Amino acid sequence: MCRLAAITSHDYFSPMENILALETMKEGHDGSGLGLTLKDLGGPFEKMKGYPVLSGICSKKGAKMLDDYMEKAGFKLIDIWAPKIKAVKGMLAARDHYFARVYDYPASYKHKPVRERDDLLMNIRIALRKMGESDESIFVFSFYPDVLTLKEVGDPLQVAEFFGLDKDTLKAKVIFAQGRQNTNYAIYLYACHPFFIQGYCSMTNGENTAFVPIREYLTGRHFPGYIGYNSDSEVFTHILHYTSRQLGFPLTYYKDVITPLKESEIEGREDRESLKLIKQSLRPLCIDGPNVVIGFTPDGTCFMVHDAKKLRPGVVGGLKGKYALMSEECGLDSAIPKRDKTQDIFPMKHDMVIIRPKAEEVTVWNQLHN
Amino acid sequence: MEPATQLDYNHQLSLRELPYIIRWRDDRCKRCGSCTAVCPVKAIEPAVKVQRVVQSEGPVPTPTASRKIVHVVEQVTDIERYCTGCGTCTLVCPNEAIEPEYNPQNKFLHFKNRGGEGYKRGGRRNDPSVSTLDRLKFTRISMLTDPALDAGRHEFRVRTLLGRILPADELPLKKVNGNLVVTHENGKFIPPVREIFPIMIGSMSIGALSPPMWEGLAMGVTYLNEVEGLPVVMATGEGGVPPRLLKSKYLKYFILQIASGYFGWDEIIHSIPHMVEDPAAIEIKYGQGAKPGDGGLLMAQKVLKLIASIRGVPQFVDLASPPTHQTKYSIEEAVAKMIQSMSMAWGFRVPVYPKISGTKTARAVLNNLARNPYAAALSIDGEDGGTGAAYNVSLDKMGHPIASNIRECYLDLVKQGKQNELPLIAAGGVGKKGNLAANAAALIMLGASVVSIGKYIMQATANCLGDEFNRCNLCNTGKCPRGITTQDPKLYRRLDSDKVAERVVEVFKSSNVELKKIFAPMGRSTELPIGMSDGLSIDDKAMAERLEISYAC
Ligand code: SF4
Ligand code: SF4
């Protein structure tokens with residue numbers, strides 16, 4: 001089962017905190033990969049908040065293609081950040097370029113509404129992905145302001161060392177990390193969590209038995225970003241995006257969509273009339289678990305949800321100003337050791353744990369009582 | 001050699017031409033005459049024979065020949081009175097002295113067209129081979145990478161939806177204090193949807209079935225809903241419903257069918273103001289898998305008083321429903337109008353859907369319905385569906401198998417992103433070999449939302465004798481030896497409606513358990529795994545390719 005380590009904080013912190021938490025949860029992942037998504041970036045990115053960051057990996061040939069494409073699309077390169085690669089024993093040979101490139105929007109988009117800009121960024125990311133997918137010359141994981149993604153195959157601690165994260169000044173206020181336990185699929189970078197689309201991000205553990213009908217439903221929305229699905233967990237991110245961005249549902253309805261209540265339980269909710277319709281209309285998006293999903297939304301709100309079949313829930317705990325959402329308690333101990341453990345939250349099947357930006361406090365939303 | 005004069009100008013058939021040959025045992029028979037009395041087709045008769053017997057008595061052999069009159073039971077070779085293999089004679093024989101035996105070499109169809117009439121019968125397609133549904137296997141078992149579920153312990157929701165479902169982006173919702181509430185401001189039509197058990201009893205009319213059979217089914221279904229909490233629904237078939245049921249609160253468990261003869265609809269329409277509940281749905285029958293393109297026929301001998309009154313016709317006349325609805329001009333107009341009129345009759349509170357027979361053109365119908373916001377579902381009845389009466393040629397040779405038909409329709413909906421909007425109902429050959437839950441689950445994973453059964457329920461609840469070796473299949477004659485498809489009180493008193501109801505309950509309860517036994521190891525429990533095609537495999541590459549599932553051997 002994959003191990004998940006998410007931290008949200010009032011202040012900037014280093015991704016090494018997540019990675020060390022993953023290290024303590026090591027028993028659960030087999031070192032087949034590390035995925036890191038950072039939001040609300042600090043360090044070298046602090047002064048470039050409004051500019052989209054393109055995160056990915058490419059070969060020399062890919063770099064050329066990428067540059068040409070971005071130039072043609074009208075994006076102006078402002079800055080390039082690259083991890084300082086260090087050869088680590090036991091790791092695969094480094095690929096040519098790991099990068100996070102900061103761009104300025106094309107002139108015609110500078111004053112467009114956010115939604116349109118987001119669509120542009122996503123379409124560019126997809127185009128680049130398609131260009132480099134067959135020969136693996138380009139991998140792009142995210143293209144969005146204030147968000148950076150790093151992924152590589154290997155043991156998380158080794159990958160971190162490989163990226164030189166232990167010595168880097170890279171920091172953020174929300175960081176998601178996943179240590180991958182490879183199950184069904186071949187080790188492939190695009191199958192590595194966390195998944196990201198237009199400001200929405202999530203990572204999951206547990207297998208998704210309802211994957212095929214969910215994938216078919218999502219691709220049927222004919223939304224260009226609903227592609228990929230190299231991992232059965234990617235659908236969780238897209239469901240979040242679909243319900244929140246496309247349908248405009250408040251965040252808690254994500255829980256109602258993926259783990260709908262029984263008819264009798266719906267009767268107890270004030271919004272029962274709409275809930276019934278939502279349950280029917282989004283029936284194919286019901287996950288059949290067992291899964292824990294940790295995600296964030298564009299404003300930086302983090303959450304954790306489970307389905308009823310998850311035998312061992314994740315855990316959320318911390319201090320005012322810094323909270324961690326982990327798949328295992330030992331990960332929480334590593335990330336925030338000086339907390340009041342009695343306040344740790346192990347969400348129940350009807351709970352959605354929500355932490356707003358700045359990590360002031362944790363709220364538990366209960367599906368039965370809304 | 002003796003001259004075989006008996007063969008000159010002899011058009012008599014030999015027993016070898018017939019599908020069933022009676023094995024009668026002289027030594028066991030006590031000559032009670034029960035078998036000959038009970039045979040629905042008079043295929044056997046008592047006969048008197050003269051036998052030459054050579055006997056010897058006394059201490060030394062002194063053979064003497066004598067002639068003796070003996071009584072035997074004999075099978076006739078008249079093609080009009082062929083033995084159907086029903087086995088009723090065996091059932092009544094006190095000494096196990098008589099039994100029909102299937103004759104695979106028979107040339108029955110070569111002769112069963114006397115008078116220039118094609119062979120008519122009831123039942124389903126005579127093809128005993130293993131159907132596609134029975135070749136499908138459930139191969140995606142949750143093992144170690146994720147926990148399989150315990151069918152006995154976990155909470156399961158084996159339910160489905162019948163009715164048009166709005167796409168999420170068309171739901172009339174607005175945000176109020178962080179909640180979504182339904183807004184009725186723009187007058188958006190929210191179609192009616194029923195939550196039901198995914199297996200339903202398909203249309204069998206009250207004229208085709210005997211009173212105890214229909215009552216038994218209806219009682220069983222009502223009990224399942226009221227007592228067992230299993231929301232099973234049943235379609236009525238053409239020809240109306242007993243007036244008492246129309247006005248009862250149990251009407252909500254029944255789907256009323258309107259077919260091309262409109263039989264019974266006068267009564268139904270007049271009852272609408274008195275109804276205390278809406279029916280579960282309205283099914284508009286455009287076709288039937290057993291006899292595609294053919295109308296219904298209730299033979300005169302089955303039109304007794306009760307049936308005549310429910311249908312609003314005189315007694316003892318053939319009741320033919322035309323092959324198509326007379327008002328049907330085109331799918332865009334007439335079908336849409338029909339759906340709308342039926343919806344309107346119940347104030348748009350009842351799902352209305354058409355039923356067609358399996359066909360290569362099903363997708364065209366589907367696509368049309370997908371564009372019609374009032375169409376509540378599409379029911380497709382495959383070639384293995386049953387009937388009370390049809391030409392053998394229609395039964396055996398016409399129609400489309402359900403598996404690939406349902407699959408291509410589902411995949412078409414997937415392409416349009418409408419797979420959750422228009423539920424597909426699959427029928428035809430479900431449970432043919434007794435694997436009801438497995439066949440139903442396979443169809444669901446291919447894309448069906450609901451699975452409908454007919455012949456299976458007759459066999460399982462009332463011991464219908466019919467099978468794919470053309471056994472019995474006398475349903476069209478009014479002489480059903482089990483009392484299932486007859487209006488003759490002497491025959492239907494053989495059937496106990498309470499027993500039928502009890503069996504209906506048993507069948508659905510056990511299939512509920514078996515469905516869980518299939519879904520649990522596949523890790524599914526919360527939602528019906530509609531379209532979960534990665535769960536299925538088949539041992540034939542071409543079939544796997546056609547159904548877009550995996551091949552496993
Ligand atoms: S098997 Fe049926 S049809 Fe044949 S002789 Fe016996 S009762 Fe008659
Ligand atoms: S037992 Fe009755 S219903 Fe069954 S095949 Fe024979 S005639 Fe038809």
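Counting just the residues of region B:100-145 that are more than 30 Å from B:I538 (Cα to Cα) and hydroxyl-bearing (S, T, Y), which one comes out nearest to ligand 1 (Cβ to nearest atom)?
Initial filter on region B:100-145 (more than 30 Å from B:I538 (Cα to Cα)): B:100-103, B:105-122.
If we keep only those that are hydroxyl-bearing (S, T, Y) too, we end up with B:102, B:119.
Working: B:Y102: 11, B:Y119: 16 Å.
The selected residue is B:Y102.
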When you go through B:E283, B:E238, B:E228, B:E277 one by one, which is the residue that is closer than 24 Å to B:S379 by Cα, more than 21 Å from the chain's Cα centre (by Cα) and not in a helix (DSSP H, G or I)? B:E277
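Quick one: would you say B:D150 is over 26 Å from the mean Cα position of the chain (by Cα) and either of a type outside the set (A, V, I, L, M) or within 16 Å of ligand 2 (Cβ to nearest atom) (or both)? Full working, then the answer.
On the way: over 26 Å from the mean Cα position of the chain (by Cα): yes; either of a type outside the set (A, V, I, L, M) or within 16 Å of ligand 2 (Cβ to nearest atom) (or both): yes.
Against the criterion (over 26 Å from the mean Cα position of the chain (by Cα) and either of a type outside the set (A, V, I, L, M) or within 16 Å of ligand 2 (Cβ to nearest atom) (or both)), B:D150 qualifies.
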Extreme residue, surrounded by the most Cβ atoms within 10 Å (Cβ to Cβ), among residues of region A:203-236 that are more than 12 Å from every other protein chain (Cβ to nearest Cβ) and part of a helix (DSSP H, G or I): A:V235
(1) in contact (Cβ under 8 Å) with a residue 60 or more places away in the chain; (2) at the interface with another protein chain (Cβ under 10 Å from one of its Cβ atoms); (3) under 17 Å from B:R349 (Cα atoms); (4) surrounded by fewer than 16 Cβ atoms within 10 Å (Cβ to Cβ) all hold for B:L161 apart from (4)
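With region B:362-421 as the region, which helices (runs of 4 or more DSSP H) entirely inside it contain at least 1 residues that are touching a residue at least 60 places away in the same chain (Cβ under 8 Å)? Break it down into steps so the answer makes sense when it comes.
Working: elements: B:362-371, B:392-397, B:402-416.
Result: B:392-397, B:402-416.
Just a yes or no: is a residue in region B:167-185 on the phi < 0 side of the Ramachandran plot and more than 11 Å from chain A (Cβ to nearest Cβ)? Give the derivation first.
Within region B:167-185, the subset on the phi < 0 side of the Ramachandran plot is B:167-176, B:179-185.
This time we only want the ones that are more than 11 Å from chain A (Cβ to nearest Cβ), so: B:185.
For region B:167-185, residues on the phi < 0 side of the Ramachandran plot and more than 11 Å from chain A (Cβ to nearest Cβ): present.
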If you go through region B:20-44, how many residues are open to solvent by 50 Å² or more (accessible area, probe 1.4 Å) and within 16 Å of ligand 2 (Cβ to nearest atom)? 1
Across region B:471-482, the tally of residues that are surrounded by 22 or more Cβ atoms within 10 Å (Cβ to Cβ), within 12 Å of ligand 1 (Cβ to nearest atom) and polar (S, T, N, Q) stands at 1
Of those in region B:452-465 that are open to solvent by 10 Å² or more (accessible area, probe 1.4 Å) and among the aliphatic types (A, V, I, L, M), the residue nearest to ligand 2 (Cβ to nearest atom) is B:L465
Kindly provide the set of residues from region B:58-99 that are more than 13 Å from ligand 1 (Cβ to nearest atom), free of Cβ contacts under 8 Å to residues at least 60 places away in the same chain and in contact with a Ser or Thr (Cβ under 9 Å, 6 or more places away or on another chain), ordered by number. B:T62, B:P63, B:T64
Just checking, does region B:425-440 include any residue being under 23 Å from A:K279 (Cα atoms) and more than 17 Å from the chain's Cα centre (by Cα)? no
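Identify all residues within region A:266-285 that are assigned to a helix (DSSP H, G or I) and small (G, A, S); write none if there are none.
Just the residues of region A:266-285 that are assigned to a helix (DSSP H, G or I), to begin with: A:266, A:272-281, A:283-285.
Hits for region A:266-285 are A:S274, A:S281.
From the list A:A63, A:A94, A:A21, which one is touching a residue at least 24 places away in the same chain (Cβ under 8 Å) and in contact with a His (Cβ under 6 Å, 6 or more places away or on another chain)?
A:A63
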Checking the structure you have, find out if any residue of region B:533-543 is free of Cβ contacts under 8 Å to residues at least 40 places away in the same chain and either open to solvent by less than 20 Å² (accessible area, probe 1.4 Å) or under 30 Å from A:D232 (Cβ atoms) (or both). yes
Per the list (1) open to solvent by less than 20 Å² (accessible area, probe 1.4 Å); (2) more than 30 Å from B:P192 (Cα to Cα); (3) in contact (Cβ under 8 Å) with a residue 60 or more places away in the chain, residue check on A:L261 breaks on (2)
Look through B:A403, B:A364, B:A377, B:A437 and report the one residue that is open to solvent by 10 Å² or more (accessible area, probe 1.4 Å) and away from ligand 2 (no atom under 16 Å from the Cβ). B:A364
Cβ contacts < 6 Å: first residue more than 14 Å from chain A (Cβ to nearest Cβ) and assigned to a helix (DSSP H, G or I), restricted to region B:193-218; second residue surrounded by fewer than 24 Cβ atoms within 10 Å (Cβ to Cβ) and of a type in the set (F, W, Y), any location; separation 6+ or different chain. Result? B:P212/B:Y492
Scope region A:276-297; condition open to solvent by 10 Å² or more (accessible area, probe 1.4 Å) and touching a helix residue (DSSP H, G or I) at 6+ places or on another chain (Cβ under 8 Å); matching residues: A:K276, A:K279, A:P284, A:T297
Condition met for A:A324 (under 30 Å from B:G163 (Cβ atoms) and either open to solvent by 40 Å² or more (accessible area, probe 1.4 Å) or away from chain B (no Cβ under 14 Å) (or both)): no
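For residues that are within 27 Å of B:P489 (Cα to Cα) and open to solvent by 10 Å² or more (accessible area, probe 1.4 Å), tally how many sit in region B:219-234. I'd like the intermediate steps shown before the answer.
Applying the first criterion (within 27 Å of B:P489 (Cα to Cα)) to region B:219-234 yields B:219-223, B:234.
When the remaining residues are screened for being open to solvent by 10 Å² or more (accessible area, probe 1.4 Å), the result is B:219, B:222-223.
So the count comes out to 3.
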Among the residues of region A:237-258, are any surrounded by fewer than 19 Cβ atoms within 10 Å (Cβ to Cβ) and away from chain B (no Cβ under 13 Å)? no
Scanning region A:298-316 for residues that are at pLDDT below 95 and small (G, A, S) gives A:A308, A:G314
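Which residue, of B:E468, B:E506, is part of a loop (DSSP other than H, G, I, E, B), away from ligand 1 (no atom under 16 Å from the Cβ), acidic (D, E) and open to solvent by 10 Å² or more (accessible area, probe 1.4 Å)?
Values: B:E506 fails: part of a loop (DSSP other than H, G, I, E, B).
The match here is B:E468.
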Out of the residues in region B:121-158 meeting the condition of being within 13 Å of chain A (Cβ to nearest Cβ) and hydrophobic (A, V, I, L, M, F, W, C), tell me which one is surrounded by the fewest Cβ atoms within 10 Å (Cβ to Cβ). B:L144
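The values are calculated or read from the model by the stated rules, or taken from the named source; none is laboratory data. As the structure is a prediction and not an experimental result, all values here were calculated from the model. When we count neighbours, we look across all protein chains shown, and the Cβ atoms used for this are built from the backbone with ideal geometry, even at glycine. Ligands, DNA and RNA are stripped out before the accessible areas are found, and what is left, the full protein with its side chains, is counted by its heavy atoms. Shrake-Rupley method; radii C 1.70, N 1.55, O 1.52, S 1.80 Å.
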